[in-house]
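Participant: This is the structure I have questions about; it appears just below.
The values are calculated or read from the model by the stated rules, or taken from the named source; none is laboratory data. Because the structure is a prediction, the values reported are computed rather than measured. Here the Cβ is made from the backbone with ideal geometry for all residues, glycine too, and neighbour counts use every protein chain on show.
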Amino acid sequence: MISDVVVIGAGPAGLSAAVAAAEAGAKVVVIDENPRPGGKLLGQLHEEPGTGWWIGADVSKALAKRATDAGVQILTNRQVWNITPGWEVFLDNGETVCARYAVVATGAAERPIPLPGWSLPGVMAIGAAQTLTNYYRVRPGDRIAVVGVDPLSLTVAHELSMAGADVVGIYLAPRNVFSGTLSDPDRNLQYLAGMSELAPNAFLRWGGRLAANRAFRNLALTFYPKFGLPLMGTRLNLRKSIVAIGGNDRVQHVEIATVDKDGNPGKTRIVDVDCVCISGGLYPVQELTKGSEMAKIDELGGTVPLYSPEMETSQENLFVAGNVTGIEGAKISMAQGTLAGTVIGSRLGLIHNPEAVDTASAAVRAARKSSAITFMPDIEQGRQIADDLWTQLEQGKTVAQKDESFA
Amino acid sequence: MVALKRISEHPVLGPLASEEIEFEFDGKSYLGIKGDSIASALLANGVRTLRYSNRDGEPRGLYCGIGHCFECRMTVNGVPSVRACITQACDGDVLESQGEDRRENHDDF
């Protein structure tokens, strides 16, 4: 199959890139291994300040329709096995897609937090629970415990209780070799400070602002309510962690330990549940950008491809958009996708407006500014590190060229 | 009939799709809703165990939901190791779990 543009990933970033390029007149093929387009956007559901409910399934459907209306061919149920410069994309059914431009929009995956009993049926990643609940309309459990405190786990806990599940609480991860700072009460409270604008009740909002201060955090954790803080139909526990999951052939209970303000476990008790959702955070899925210059930037969620202000990697005509570049919200992914698609449309000579790329870049910055949820607390520093590395790379390239000419 | 864990009423989302599908898992017949993944259709019926682990024959179910962990793999219409979380359930599907329950008496914790 031959196309102008091949996009890998039919989530918000990939679809937006496809729409921008195809509406300019480019021939675009999008590939995704899921049965339908939308990616993790399909399961999103939250109320945004001022604009009402964000229903990911509806947004996905509208984006996919806009893409197909513009002539985009969306290949679902297809896995990409390899991609080689040129660009040639190899599919699991033996077919290949050749295109001058490629966009890798493979999104993110969840970091697990292994703990005793986590292989029992009924234990699942928080994102799996989200899609089941909001997209497939199936309750992951009737009594659910959530492990891991972050914007995603707080959001999904609320979605689960809206769907009629009894969410017994959100708890810290146990202290083990895998959990790192996820088990540390102080780190978690500090993290909550970064999302105080989103906090759904006044107490947490108040607490969130003050939590930026170390002395207050110490005080807050010392006197943190024994039964947690009420939060959107559940309880947020910063002084308790889930240390084990038990059951015969499925989840039947969890073992919850009280922890001191430094995270050391104390007394434990057993609570009956039939589902445990684990939230260990997200990392960029970047295997298909292989060959590009990469950097491990923890503030962005892990290892990411470096890319130009036009979303192009160090490999010519290979673009990236969305969470593969760092963990952010769907609206930012969409803006990044639109930017990549607009740049490609311009390079193909299909977009003649000289300001189109600048407008699309400005839209990414605007989406970041108005973002209601910040997944990574230090995302701005992460972006700066990535930008600086790109600049160095550009300078390095110049140096290398000079060296060659000198030789 | 609304299955065990199906969310038929939701305060924000619209009504459920109503077109039913029928499929078979390990010899038993189940109903799902058109558009279900295999994993969601089974969970709606209260089925959590999708396979048994290779080494110890322990039960395993849906974990990541995005096709990365392969914990939900099963045989779909004769094709082995298909990921139930990212495969759409279709009317008339014949599904089989892989592996067998080989657990000895074990403690809950």
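Every residue, every condition in (1) surrounded by 19 or more Cβ atoms within 10 Å (Cβ to Cβ); (2) within 11 Å of the chain's Cα centre (by Cα); (3) within 11 Å of chain A (Cβ to nearest Cβ), yes or no:
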site	(1), (2), (3)
B:Gly46	no, yes, yes
B:Asn54	no, no, no
B:Pro59	yes, no, yes
B:Ser81	no, no, no
B:Ala84	yes, yes, no
B:Asp93	yes, no, no
B:Gly99	no, no, no
B:Arg103	no, no, yes
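Participant: Which residue out of A:Gly86, A:Gly148, A:Gly117 is more than 30 Å from B:Arg48 (Cβ to Cβ) and of a type in the set (Gly, Ala, Ser)?
Facilitator: The match here is A:Gly86.
Participant: State all residues of the stretch A:168-191 that are within 19 Å of A:Thr268 (Cα to Cα), in a helix (DSSP H, G or I) and small (Gly, Ala, Ser); if no residue qualifies, say none.
Facilitator: Result: A:Ser183, single match.
Participant: Need a quick list: strands (runs of 3 or more DSSP E) entirely within the stretch B:26-109 having at least 3 residues that are touching a residue at least 40 places away in the same chain (Cβ under 8 Å).
Facilitator: Here the list reads B:94-96.
Participant: Of the residues that sit in the stretch A:214-242 and are of a type in the set (Lys, Arg) and in contact with a Leu (Cβ under 8 Å, 6 or more places away or on another chain), which one is modelled with the highest pLDDT? Working first, answer last.
Facilitator: Keep residues of the stretch A:214-242 that are of a type in the set (Lys, Arg), which gives A:214, A:217, A:226, A:235, A:239-240.
Subset that is in contact with a Leu (Cβ under 8 Å, 6 or more places away or on another chain): A:217, A:235, A:239-240.
On the way: A:Arg217: 75, A:Arg235: 85, A:Arg239: 89, A:Lys240: 93.
That would be A:Lys240.
Participant: Return the only residue of B:Cys64, B:Cys69 being among the hydrophobic types (A, V, I, L, M, F, W, C), crowded, with 17+ Cβ neighbours inside 10 Å and within 7 Å of another protein chain (Cβ to nearest Cβ).
Facilitator: B:Cys64
Participant: Another question about this same structure. Would the stretch B:21-40 turn up any residue that is farther than 18 Å from B:Val94 by Cβ, surrounded by fewer than 18 Cβ atoms within 10 Å (Cβ to Cβ) and more than 10 Å from chain A (Cβ to nearest Cβ)?
Facilitator: no
Participant: Could I ask something else about it? Which condition breaks for A:Gln79 when tested against (1) closer than 28 Å to B:Phe70 by Cβ; (2) in contact with a Cys (Cβ under 9 Å, 6 or more places away or on another chain)?
Facilitator: Unmet condition: (2).
Participant: Continuing with the same structure: Here's a check for you: in the stretch A:112-128, which residue that is more than 8 Å from every other protein chain (Cβ to nearest Cβ) and touching a Leu at 6+ places or on another chain (Cβ under 7 Å) is modelled with the lowest pLDDT?
Facilitator: Applying the filter and picking the extreme gives A:Ile113.
Participant: Further question: Go through (1) buried (at least 22 other Cβ atoms within 10 Å of the Cβ); (2) assigned by TED's automatic domain parsing to the domain that holds A:Asn248 for A:Gly337 and report which single condition fails.
Facilitator: (2)
Participant: While we're on this one: Go through the stretch A:129-140 and give me each residue that's over 18 Å from A:His46 (Cβ atoms) and more than 8 Å from chain B (Cβ to nearest Cβ).
Facilitator: Result: no residue meets the conditions.
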